[in-house]
Amino acid sequence: MRARARTAATITFLSAAVVLVGAGAVGAQVTNPPPRIDAVPPVQTTAAPPTLPPVREPGEVRVMATCPAGEKAPANLQPGTSAFNEIVGAQSRLGRTIEQVRRYATTQALSFGDLRFGGKNNGTVVVSFTGDLQIHAEALTKITDIPNGVVVCPAVETAATRVALANELVARLQGALVGGSLTPISGPPVVVLRADRRAVADDLVRTYGSRVQVVLGEFVYPDATVARLDTPTPRRSCGSVPIPGPSSSALRWSVAKPLKVHSGGEISTVVSWRNTKRRTITYESGDPITGVVTAVGSNRVLAFYGGSIAGVGHGAALRPGQTDRVRGLVATGSCDTSFGYALAPGQYTVRFVFGGFDLEQFVSNPIPLTITNDPPPPLPKLSPAPPITLMPGAGGGGPGATIAAGPITSKSAP
C-alpha cells in the first residue's frame, strides 16, 4: 500500500512570533512592543529520515538446466496471515531486481525467451535465453541488486519467434479464432476454433503440424484424447441438467423464435420468462445466460456453451404476471468424445440455466432445438488486426506471469 504523503509543520520560536513553515500559508501573531527575550530556545524540527540507496547483496546469478516452475497460491490464502506475508515478501524484495533483468533482456532480442517469477513462493526471478547462459548470468550478476534471487535457464525459442508465429496465425485465421493462447511461456501456441470449423482445423494441421495445437470445439484436433495445453485444470465434464431450486417452477420460459442451427454452430437468442405464481420471485441471473443441450426427454447434457462471455449483472423482483428477458447463448459442440466434435443433426432440447453456487438455481422448461446438416456460414470479413506485441511488463510481474523484453513484434523477429 502506498504510504499517504504527510506535510510536517516545522515550528520555529523567534521573538514573540510563531511562524509555521512547510504547512502551506505562513501565519504570524506579533505583540507590540515585543517582550524582552534574553535567550532563544533551540529550534525544534520534524524531519523525515534520510533515504539511503539500496544495498546490493552479495552472490551470483545461477544457471539451471531447466526453468523452475511457479507455485500456485494455497487455497483460501488470507491477507495478514504468515503464509500470505511470506509470499508477498518473497516477491516484493525483488522489485528493483526484476526491473534490472527486464532492462537487460530488452538488449538481447536475438536470444531472450521469457521473464517471470518462479520457485518457492514465486520468490525467484526466472529469465530464459536460447544460448550463452553463463555469459548472461555473469552479466546479470554485475547489474542486479539481488543476484542470488535470479535464475538463468534455457529457452526453446525466442520471444520474437513466438510473436512472429502468433501474428502469422492471426492473419491466417481471420474470424475463425475464438480462443486459445498464442504466446505461451512454453510449448506450442493453442488455437481454439468453433466446432463447425473443421475445414480450418484441417488446414492448420496440414500447415503447422505439431508447431500448433488445434482445439476444435472442446477437444484437441485431430486426436480428442490429447490434453489441452491452455487449460491447466481438468476440462469440465458433461454431467446432468442442474437440479432447480423451489422458485424455478414459478417461471414459464420461451424464446423469440424456434431454435435452429447447423451442426457445431452457436445460437444467440432472446430468452423470456414469466412469473406464473401469486408471489414475487427474486433472483440474480446475469445477462447473457447459457443453455445446455440434451436429447429429447433426457437430463444428460450433450453440449454446453464454453466460449467467453462479456456479460453484465442482471436481477429482479418479478411480481406475479410480470415478464423478464435476457440474451441466451447455446453451443452445439459436443462435450463428450463419443458424440464427436459436434452434435449430429437431429432434434434436441435446450435448458437455460442461471444461479447456482450460493444462489438459488433456476432451470428453464425444455425448449426444442433443431440441429441441421447445413454448412457453416462464411467467416466474417474483419479489418486487419494490429500486430501482436509483447510489451514490457506484460502480465504485471505477478506469480507465473510472462514479462516480455519488448516491444518485440513480428517485424523485429530474426
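The values are calculated or read from the model by the stated rules, or taken from the named source; none is laboratory data. Since we're looking at a predicted model, the values are computed, not measured. Cβ placement follows ideal geometry from the backbone for every residue including glycine, while neighbour counts extend to all protein chains displayed. Just the protein is used for accessible areas: all its heavy atoms, side chains included, with ligands, DNA and RNA removed. Shrake-Rupley method; radii C 1.70, N 1.55, O 1.52, S 1.80 Å.
Quick grid of which residues meet (1) of a type in the set (S, T, Y); (2) assigned to a loop (DSSP other than H, G, I, E, B); (3) more than 27 Å from P378 (Cβ to Cβ); (4) at pLDDT 95 or above:
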{"position": "R252", "(1), (2), (3), (4)": "no, no, yes, yes"}
{"position": "K260", "(1), (2), (3), (4)": "no, no, no, yes"}
{"position": "T269", "(1), (2), (3), (4)": "yes, no, no, yes"}
{"position": "R278", "(1), (2), (3), (4)": "no, yes, yes, no"}
{"position": "G291", "(1), (2), (3), (4)": "no, no, no, yes"}
{"position": "F352", "(1), (2), (3), (4)": "no, no, yes, yes"}
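For region 72-150, the helices (runs of 4 or more DSSP H) that sit wholly inside it and include 2 or more residues that are within 16 Å of V61 (Cα to Cα) and modelled with pLDDT of 95 or more are 133-143.
Of the residues making up region 150-168, those that are over 22 Å from G119 (Cα atoms) and within 21 Å of the chain's Cα centre (by Cα) are R162, V163, A166, N167.
Count of region 281-315 residues, restricted to those that are in contact with a strand residue (DSSP E or B) (Cβ under 7 Å, 6 or more places away or on another chain), under 30 Å from T370 (Cβ atoms) and either among the aromatic types (F, W, Y) or open to solvent by less than 70 Å² (accessible area, probe 1.4 Å) (or both), is 21.
Would you say L318 is open to solvent by less than 20 Å² (accessible area, probe 1.4 Å), more than 14 Å from E218 (Cα to Cα), of a type in the set (A, V, I, L, M) and touching an Asp or Glu at 6+ places or on another chain (Cβ under 7 Å)? Yes. Listed by first and then second residue, the pairs with beta-carbon distance under 7 Å, at least 6 apart or on different chains, first residue in region 66-81 and in contact (Cβ under 8 Å) with a residue 60 or more places away in the chain, second of a type in the set (K, R), are G70/R116; E71/K120. Every test in (1) hydrophobic (A, V, I, L, M, F, W, C); (2) open to solvent by 20 Å² or more (accessible area, probe 1.4 Å); (3) touching a helix residue (DSSP H, G or I) at 6+ places or on another chain (Cβ under 9 Å) is passed by L173 save one, and that test is (2). Does region 305-314 contain at least one residue that is without any contact (Cβ under 8 Å) to a residue 24 or more places away in the chain and within 22 Å of V220 (Cα to Cα)? Yes, some residue in region 305-314 is without any contact (Cβ under 8 Å) to a residue 24 or more places away in the chain and within 22 Å of V220 (Cα to Cα).
For region 293-316, how many residues are of a type in the set (S, T, N, Q) and assigned to a strand (DSSP E or B)?
The total comes to 1.
Please specify each residue of region 317-331 satisfying the condition of being among the small types (G, A, S), within 27 Å of R278 (Cβ to Cβ) and in contact (Cβ under 8 Å) with a residue 40 or more places away in the chain. Selection gives G321, G328. Run R56 past the list (1) modelled with pLDDT under 90; (2) under 22 Å from K142 (Cα atoms); (3) open to solvent by less than 60 Å² (accessible area, probe 1.4 Å) and report the number of the one that doesn't hold. Failing condition for R56: (3).
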